[in-house]
Amino acid sequence: MNIPQSSFPRVIIIGGGFGGIALAKKLCKKEVQVVLIDKHNYHTFQPLLYQVSTGGLEPDSIAYPIRKVLQGYPNFYFRLAEVRRINPDKQMLQTNIGEIDYDYLVVATGSETNFFGNKNIETKGMAMKSIPQSLNLRSLILENFEQALLTDDLHERDALMNFVIVGGGPTGVELAGALAEIKKGILPKDYPDLDTRRAQINLIQGSDRILPAMSEIASSKAEGFLEDLGVNVWKNIRVTDYDGKHVSTNTDTSFESETLVWAAGVKAACIDGLDAKELLCRGGRLRVNQFHQVEGFKEIFAIGDVAQMETEAFPHGHPMMAQPAMQQGENLGENLVRIVENKPLKPFVYKDKGSMATVGRNKAVVDLPKFKFQGVFAWFVWMFVHLYFLIGFRNRVVVFINWVYNYIRFDREARLIIRPFKKVTAK
Ligand SMILES: Cc1cc2nc3c(=O)[nH]c(=O)nc-3n(C[C@H](O)[C@H](O)[C@H](O)COP(=O)(O)OP(=O)(O)OC[C@H]3O[C@@H](n4cnc5c(N)ncnc54)[C@H](O)[C@@H]3O)c2cc1C
């Protein structure tokens, strides 16, 4: 990998997501050699992926080059590579570009879509966990409308304009709201010769309320907002299969749809060599202690979505969200310096800053530890928080200008089929 040996201990971080970047920032000025490895050369701001999928933002405004975040630090090295195996006995990693040894290893690989073993849904449905996947979804949505214009078959046309989003968490809610706004504000202008009133947006949630991780008031307000926008919210229904056209559920309800978006679960992105059953908790997360050490290893740590730290307040681990990942990265950064300096370690304590979701224009829900509010003010808070945490000044400016423009013009101009998507068709 062409990384020189140094007199400083080598810390390898796998993953330049929220956790990995926060950790690298803490360490890069310290007396350690930091090697960050990621299979992408950019950090993805996942909370805004749905806006890329729905033409509200260009993909490059929510991505940021990892090298740029940490440029200018002589002890920092980035390598664009996929880590394929960890060999804890030899303190060595295997990647697609070669091997590298470590003194300390931090796994910050995040999570991936969990299809719960359903191969049909995995191959014929759409996931939205990365920028390429969001671009695929954007293309598919637009291609469907182009196709709907061409067919004389009413059933086929309806299926092309019928969207099924599985999972009523923030991702599903935000995507459903954005699609509903497109239906209302953009489709009638773009496709005057198509009866776009027939387009349906269905949000399917397995439990009795959407946004189950938020307060009850946030759930019911968000549901009201979605219904105002014309989204069909289905609760207590589980999608069981999808053949590319027909969506089956565990009830008598079924849907004919050319687009199923799966936002109903994630699992930890584990790496071979560190995936023994005894190390893993529910969802494949690595069990770590309060100092982020993976059980049984003093020199291997895990943070963010991939890690499960069970505490009294969070018996099932911290939420798989950006804040825990960032706070864990910062705490581990301090602890790694303490380890090198032979000082006692600081246990991690999560400061819950709340959660939020937006449904659409002037419609958001915010749960702060002490206050809960919804509506226009919540929407402004949502926008401010997302702009604040977006990495890169240029990205913040571009996103802000886009949002102002879209707000004033009721528009989303990134509705482009740059890279056509070829869907796996039904058998
Ligand atoms: C659509 C969507 C919307 C979301 N909205 C919100 C929200 O509104 N608020 C919120 O708090 N959270 C939200 N989240 C969750 C949040 O994005 C994650 O909790 C957060 O990204 C976790 O950070 P992380 O550092 O653990 O992992 P990530 O940020 O996922 O980073 C992991 C990194 O590891 C890299 N990687 C993985 N495996 C390998 C490998 N083998 N080799 C090399 N590199 C590898 C990946 O390329 C990636 O860059 C959302 C997630 C999604 C998908």
Checklist entry - Regarding region 202-303, what are the three Cα extents along the principal axes, ordered largest first, in Å? => result 53, 36, 19
Checklist entry - Restricting to lysine pairs 8 or more places apart or on different chains, what number in region 314-387 have Cα atoms under 21 Å apart? => result 6
Checklist outcome for this item: Using eta = 0.692 mPa s and T = 37 °C, Stokes-Einstein with Kirkwood Rh from Cα pairs puts D for region 1-127, in µm² s⁻¹, at 203 µm²/s
Checklist entry - Considering the chain as a Gaussian network with a 10 Å cut-off on Cα pairs, which listed residue, ASP241, ASP352, ASP38, attains the greatest mean-square fluctuation? => result ASP352
Checklist outcome for this item: Computed Rg/Rh for region 108-266 (Cα atoms; Rh = Kirkwood radius) stands at 0.95
Checklist entry - Within region 1-130, how many Lys pairs sit with Cα atoms under 29 Å apart, leaving out pairs fewer than 8 places apart on the same chain? => result 21
Checklist entry - Rounded to the nearest 0.05, what FRET efficiency is calculated for ASN236 and GLU216 with R0 set to 22 Å and r the Cβ-Cβ distance? => result 0.90
Checklist entry - In square nanometres, what is the average projected area of the Cα convex hull of region 282-345? => result 4.3 nm²
Checklist entry - Considering every pair of different Cα atoms, what Kirkwood radius, in Å, is found for region 313-427? => result 18.0 Å
Item to check | Choice from GLU341, GLU295, GLU156 with maximal GNM fluctuation in the chain (Cα, 10 Å cutoff) | outcome: GLU341
Item to check | Whole-Å distance, taken between Cα centres, linking region 110-144 and region 225-265 | outcome: 15 Å
Checklist entry - If you roll a 1.4 Å probe over region 251-318 with all protein chains in place, what percent of the accessible area is carbon or sulfur? => result 47 percent
Checklist entry - Which length gain, in nm to one decimal place, applies between GLU99 and GLU82 when the Cα-Cα distance is subtracted from 0.36 nm times their residue separation? => result 5.0 nm
Checklist entry - So, in nm, how far is label ILE417 from label LYS189 when the simple model puts each one 7 Å beyond its Cα toward the Cβ? => result 2.1 nm
Item to check | Estimated FRET transfer efficiency when R0 is 41 angstrom, pair THR253-LYS298 (beta carbons, to 0.05) | outcome: 0.20
Checklist entry - In a solvent-free Debye calculation with one equal scatterer on each Cα, what is log10 I(q)/I(0) for the chain at q = 0.07, 0.10, 0.11 Å⁻¹, listed in the order of the q values? => result -0.36, -0.72, -0.87
Checklist entry - Alpha carbon centre of region 168-184 versus region 340-358: separation in Å? => result 32 Å
Item to check | Accessible area of region 1-40 belonging to carbon and sulfur atoms, whole % at 1.4 Å probe | outcome: 46 percent
Item to check | Share of carbon and sulfur in the accessible heavy-atom surface of region 115-235 [1.4 Å probe, %] | outcome: 50 percent
Checklist entry - So between ARG197 and PHE8, what do we pick up on full extension, going 0.36 nm a residue minus the alpha carbon distance? => result 61.7 nm
Item to check | Point-to-point label distance, LYS346-VAL404, nm (Cα→Cβ direction, 7 Å offset) | outcome: 3.8 nm
Next on the checklist: Could you derive backbone 3J(HN,Hα) for region 66-74 from the dihedral phi with the Karplus parameters 6.51, -1.76 and 1.60 (θ = phi - 60°), listing whole Hz in sequence and x where the residue is Gly or Pro?
Outcome noted: 4, 4, 5, 4, 10, 6, x, 9, x
Checklist entry - Of the trypsin sites (Lys or Arg not before Pro) in region 244-342, which ones lie in a loop per DSSP and count no more than 13 other C-beta atoms within 10 Å? => result LYS298
Checklist entry - Per residue, what accessible area does the chain have, given a 1.4 Å probe and all protein chains present, in Å²? => result 47 Å²
Checklist outcome for this item: For the GLU156, ASP228 Cβ pair and Förster radius 30 Å, calculated FRET efficiency rounded to 0.05 is 0.50
Checklist entry - Highest GNM mean-square fluctuation, the chain, Cα pairs closer than 10 Å: which of ILE141, ILE303, ILE217? => result ILE217
Checklist entry - Cα extents of region 253-359 along the three principal axes, largest first, in whole Å? => result 62, 34, 23
Checklist entry - Relative contact order, percent, of the chain when contacts are C-alpha pairs under 8 Å separated by at least 6 residues? => result 21 percent
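The values are calculated or read from the model by the stated rules, or taken from the named source; none is laboratory data. Given the structure is predicted, the values throughout are model-derived calculations rather than measurements. Reconstructed Cβ throughout: ideal geometry from the backbone, glycine too, with neighbour counts over all protein chains shown. Note: accessible area is taken over every heavy atom of the protein model, side chains too, but ligands, DNA and RNA are not part of it. Shrake-Rupley method; radii C 1.70, N 1.55, O 1.52, S 1.80 Å.
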